[in-house]
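Since the structure comes first, as structure tokens, the remarks are kept for the end.
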Amino acid sequence: MSSAGKSSSTYSATVGSLEQGRAFIGRPQVAQRGALAVDAGLIRLFCASVQDANADYWSDDAAISPPALLYTWTFQLPWTPWAGNERLQALGVRVPLPGDQVANVRQSAEFYRRIRVGDRLTITETVLDISDEKHTALGDGFFVATEAQVQRQDGLLVARLHNTLLRYRSRPLT
Amino acid sequence: MTSSSRHEHLSPGQALPEFHYPVQRSWIAYAPSVMLDPFPGFYDAEYAKSVGHRDVFMNTMALLGLLDRLVTDWAGKDAFIFRHEITIRQPVYAGTTAVISGHVTSVDTVAGPTEECTGRHVTVAAAIATDDGVCVTGSIIVVTPL
């Protein structure tokens, strides 16, 4: 990992070769259930942070989730009693590649149903493509395109996601 | 004005009311705790600098939240966001003021794959700009009452 100056923070994308990374292309990963059910408290905190007054998000009963929080309901917690600090990262971060740093570039999602408080979402991700090495303002690296299906607790499809992440080194590749 | 009467005469080119958003680092720091998005570039300025940034910056979910808010503030709470897409051209850094704006690019009646997706699809081209220029562009398709 590159020098973090005075910072004590770390962030570990999986480092490996381009060939190792491309071996993931087209292989659907094991479905992962999000750590948290869709939660009214987190919805309100999020809406406060972007100052969104939409009454559907602030309802005392039958509140719905802002679409922007879709990924949150599929994420894992940074620590649990049963797995400690072993946290499963998003697929674009855990695919082995030479770039140890990450920057999100593009994301799209199509929604088929409203996401409601109490829903429990499961995500199944697949790597679609990994680019050749590119020069960017942040450093040299690789663009990783993933797609995902997100399903509700009853199996119904809630959304399809596409994401493009830059995996780069903040110093020149050698 | 009801949301349906507001949308009766929609046409491409119509601008949505823009809004300003003060990009405070305290809000940015919600990313790991509220959105479970743990990247240190959202809360640790020294880390952000060490990986090529000038300061902490907003995460993708919060940026999407601003774009969605632009559309739902205008379309009304019963509107359903069918699709949103975001391209991050440069970070939205702490200490800036973001201006969120957009305009209608198309209006179509569509039979979607579910009832919630079916209706009038209004496509909006949106952007988030700061003093650094345009940082984010996006496209949102919202289903509005007919």
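Quick notes on this structure:
- Residue check for A:Gly139: on the phi > 0 side of the Ramachandran plot and either surrounded by 20 or more Cβ atoms within 10 Å (Cβ to Cβ) or touching a residue at least 24 places away in the same chain (Cβ under 8 Å) (or both): yes
- Only residues that are surrounded by fewer than 16 Cβ atoms within 10 Å (Cβ to Cβ), in contact (Cβ under 8 Å) with a residue 24 or more places away in the chain and of a type outside the set (A, V, I, L, M, F, W, C) were counted in the stretch A:142-161, giving 2.
- Among the strands (runs of 3 or more DSSP E) confined to the stretch B:1-120, the ones with at least 3 residues that are surrounded by fewer than 18 Cβ atoms within 10 Å (Cβ to Cβ) and without any contact (Cβ under 8 Å) to a residue 40 or more places away in the chain are located at B:97-110.
- Every pair of residues 6+ apart whose Cβ atoms lie under 8 Å, when the first sits in the stretch A:57-68 and is of a type in the set (S, T, N, Q) while the second is in a helix (DSSP H, G or I): A:Ser65/A:Ile43; A:Ser65/A:Tyr57; A:Ser65/A:Trp73
- Looking across the stretch A:79-93, just one residue is within 13 Å of chain B (Cβ to nearest Cβ), part of a loop (DSSP other than H, G, I, E, B) and farther than 17 Å from A:Leu36 by Cβ, and that is A:Asn85.
- Scan of the stretch B:115-130 for residues that are out of contact with any Pro (no Cβ under 9 Å at 6 or more places or on another chain), farther than 17 Å from B:Leu16 by Cα and within 14 Å of chain A (Cβ to nearest Cβ), ordered by number: B:Glu115, B:Glu116, B:Cys117, B:Thr118
- Any chance A:Thr164 is within 11 Å of chain B (Cβ to nearest Cβ) and buried (at least 16 other Cβ atoms within 10 Å of the Cβ): yes
- Flag for B:Ile81 being of a type outside the set (Gly, Ala, Ser) and more than 24 Å from A:Tyr11 (Cβ to Cβ): yes
- Candidate set: the stretch A:117-131, residues that are farther than 21 Å from A:Arg160 by Cβ and in contact (Cβ under 8 Å) with a residue 24 or more places away in the chain; chosen: the one farthest from the other protein chains (Cβ to nearest Cβ): A:Gly118
- Residue match in the stretch A:41-49 (condition: assigned to a loop (DSSP other than H, G, I, E, B) and on the phi < 0 side of the Ramachandran plot): no
Listed here are the residues, each with its yes/no results for (1) at the interface with another protein chain (Cβ under 9 Å from one of its Cβ atoms); (2) at pLDDT 90 or above; (3) part of a loop (DSSP other than H, G, I, E, B).
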{"residue": "A:Ser2", "(1), (2), (3)": "yes, no, yes"}
{"residue": "A:Ser7", "(1), (2), (3)": "yes, no, yes"}
{"residue": "A:Asp60", "(1), (2), (3)": "no, no, yes"}
{"residue": "A:Leu77", "(1), (2), (3)": "yes, yes, yes"}
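- Scanning the stretch A:62-72 for residues that are crowded, with 17+ Cβ neighbours inside 10 Å, more than 9 Å from chain B (Cβ to nearest Cβ) and among the β-branched types (Val, Ile, Thr) turns up at least one hit.
- Residue satisfying all of: in the stretch A:94-116; within 7 Å of chain B (Cβ to nearest Cβ) and in a loop (DSSP other than H, G, I, E, B); surrounded by the fewest Cβ atoms within 10 Å (Cβ to Cβ) among these: A:Arg114
- Filter result (within 7 Å of chain A (Cβ to nearest Cβ) and over 11 Å from A:Ser9 (Cα atoms)) within the stretch B:41-62: B:Lys49, B:Val51, B:Gly52, B:Thr60, B:Met61, B:Ala62
- Among all residues of the stretch A:87-97, there is none that is touching a residue at least 12 places away in the same chain (Cβ under 8 Å), among the aliphatic types (A, V, I, L, M) and in contact with a His (Cβ under 8 Å, 6 or more places away or on another chain).
- Contacts under 9 angstrom Cβ, first residue in the stretch A:25-36 being in a loop (DSSP other than H, G, I, E, B) and surrounded by 14 or more Cβ atoms within 10 Å (Cβ to Cβ), partner of a type in the set (A, V, I, L, M) and at pLDDT below 95, 6 or more apart: A:Gln29/A:Leu91; A:Gly34/B:Leu36; A:Ala35/A:Leu77; A:Ala35/B:Leu36; A:Leu36/A:Leu77; A:Leu36/B:Leu36
The values are calculated or read from the model by the stated rules, or taken from the named source; none is laboratory data. These figures come from a predicted structure and were not determined experimentally. Virtual Cβ from ideal backbone geometry, glycine too; neighbours counted across all protein chains shown.
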